[in-house]
Amino acid sequence: MAKVILESGVTFTIHDLRRTFITIAESQDISAYALKRLLNHKMNNDVTAGYIINDVERLREPMQKITSYLLKSVGFEPSGEIITLPKKKCTEQNISTLDV
């Protein structure tokens, strides 16, 4: 962090990075519950949140939106078409184990 501050001349804190992240995330119309989960905020006092079943897979799309926004903002252009691979079902036949 010190090197980035020295090179850029911009003083910032880790919390500033969190603020930037959530500001970008909110600008991408990501739900408040997804935002809380991405920031690892507790939802103890939210009755509605208690009914939501947490699934990390549901955070992939919001995180990709944020990542794409950031990459576009810094001028990154993907080198090729990005495709989504189908999920592979896990069965006993294709589960490998490692001997340790």
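The values are calculated or read from the model by the stated rules, or taken from the named source; none is laboratory data. Given the structure is predicted, the values throughout are model-derived calculations rather than measurements. Neighbour counts are summed over all protein chains in view; Cβ atoms, including those assigned to glycine, are modelled from backbone coordinates with ideal geometry.
Worth pointing out:
- The residue list 5, 24, 66 contains one member that is without any contact (Cβ under 8 Å) to a residue 24 or more places away in the chain, part of a helix (DSSP H, G or I) and touching a Phe, Trp or Tyr at 6+ places or on another chain (Cβ under 9 Å), which is 5.
- Test for residue 72: is it assigned to a helix (DSSP H, G or I), among the charged types (D, E, K, R), modelled with pLDDT under 95 and over 13 Å from the mean Cα position of the chain (by Cα): yes
- Which listed residue, of 40, 54, is over 29 Å from residue 2 (Cβ atoms), of a type outside the set (D, E, K, R) and part of a loop (DSSP other than H, G, I, E, B): 54
- Of all positions in segment 25-37, at least one carries a residue that is modelled with pLDDT under 85 and not β-branched (Val, Ile, Thr).
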